Amino acid sequence: MQITIKKTLNRRQFIRDISLLSAGFALMPKNIFAESSQTITRPIPSSGERIPVIGMGTSRTFDVGNDPAAMAQLGQVLQVFFDNGGALIDSSPMYGSAEKVVGELLKTIHNKKKLFAATKVWIDEKQNGIEQMQESMRLMGVAVMDLMQIHNLRDWKIHLPTLKQWKQEGKIRYIGITTSHGRSHAELMQIMRTEDLDFVQFTYNLGNRAVEDSLLPLAADRGIATLINRPFQRGALFRDVKGKALPEWTKEFDCQSWGQFFLKFAVSHPAVTCVIPATSKVHHMADNMAAGFGRLPDAEMRNRMIRYFESV
Ligand SMILES: NC(=O)c1ccc[n+]([C@@H]2O[C@H](COP(=O)([O-])OP(=O)(O)OC[C@H]3O[C@@H](n4cnc5c(N)ncnc54)[C@H](OP(=O)(O)O)[C@@H]3O)[C@@H](O)[C@H]2O)c1
């Protein structure tokens, strides 16, 4: 079944269509919100530049080599991302062919002007880092990388001076550092306290909230933008709520699916700048992008979400 998207489609209609999508209907969403509603954005503290709160990851999902069927599907995933106000794409040389796949597919996307390209350096030693970063930019097809991050703190003392120099030279626009799974938080916090960073990336989701008492307040205090990885705990959160109905009160913050529930929870933390869910599916991308529109839960509602999630 093909769903026709009217130009004046409003958010409520969109959410109905998303329900159809989730039920497995084929669709190529286009410009779903464009004329009715604005993507939620947050400022990068070091510059004031605003980016949409929903970005996308590419770990595993975009590591498809040259598989034509997978490439065609991911081309649609990427198109839905840009059609619905997406900008930030996070990759890494650690993710196999993902940087190359992103670069190839971006050539086919017509409305990618807002692209905010982010990748990482993930290797030991200075010269290896330089060569890896040059290769990442070539593969992703960008002359300037918006955000270059040090992946999992790897050889960070060596790479940070290169990143600072590249930023001065205009080869990259922002500097970041990443971790995940709750690893290396003590060392990361020490780096955040002493170094001049634009971004920090780590894991935060309803099943893993440890950073609420540590990294998130520190990032806010130091004026560092935050990228949130594993917002679905790599999909595990969906298994936790399998067979459970979404509560009626989620309508109060324009939430129509568990995916939106998890994303709106992460996004609504005041110290969060952008959340980067990964998907290989068109209807999941449409679902995820919907979390970047409408109302967000307030502090009281966030507590209710935590209580509900912990009770199911
Ligand atoms: N140290 C680091 O720097 C680091 C570490 C981890 C992650 N990251 C970054 O963060 C990104 C996100 O983390 P992640 O990929 O580990 O995990 P994630 O985004 O928490 O979860 C991805 C999983 O959720 C599923 N999914 C996505 N949207 C869905 C929806 N609306 N409904 C149901 N299922 C959905 C995906 O399956 P489908 O394909 O079937 O949709 C996939 O299996 C990564 O891709 C990467 O860019 C960075």
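Taken together, the values in this text are just the output of simple stated rules run on the coordinates, not laboratory data. Note that this is a predicted model, so its numbers are computed, not measured. So basically every Cβ, Gly included, is an ideal-geometry build from the backbone, and we count neighbours across all protein chains shown.
Side notes on the structure shown:
- Test result for residue 281, surrounded by fewer than 21 Cβ atoms within 10 Å (Cβ to Cβ) and either out of contact with any strand residue (DSSP E or B) (no Cβ under 7 Å at 6 or more places or on another chain) or closer than 29 Å to residue 163 by Cβ (or both): yes
- Test for residue 264: is it basic (Lys, Arg), surrounded by fewer than 16 Cβ atoms within 10 Å (Cβ to Cβ) and touching a residue at least 24 places away in the same chain (Cβ under 8 Å): no
- Considered as a group, the residues in region 257-305 that are polar (S, T, N, Q) and outside any loop (DSSP other than H, G, I, E, B) include one that is nearest to the ligand (Cβ to nearest atom), and that residue is 288.
- Odd one out for residue 254, checked against (1) within 16 Å of the ligand (Cβ to nearest atom); (2) under 19 Å from residue 40 (Cβ atoms); (3) surrounded by 21 or more Cβ atoms within 10 Å (Cβ to Cβ); (4) of a type outside the set (Gly, Ala, Ser): (3)
- Residues in region 47-77 that are among the charged types (D, E, K, R), touching a Lys or Arg at 6+ places or on another chain (Cβ under 9 Å) and part of a loop (DSSP other than H, G, I, E, B): 49, 60.
- Among the criteria (1) away from the ligand (no atom under 11 Å from the Cβ); (2) of a type outside the set (A, V, I, L, M); (3) surrounded by 15 or more Cβ atoms within 10 Å (Cβ to Cβ), the one residue 244 does not fulfil is (3).
- Of all the residues in region 53-78, those that are closer than 21 Å to residue 40 by Cβ and within 14 Å of the ligand (Cβ to nearest atom) number 6.
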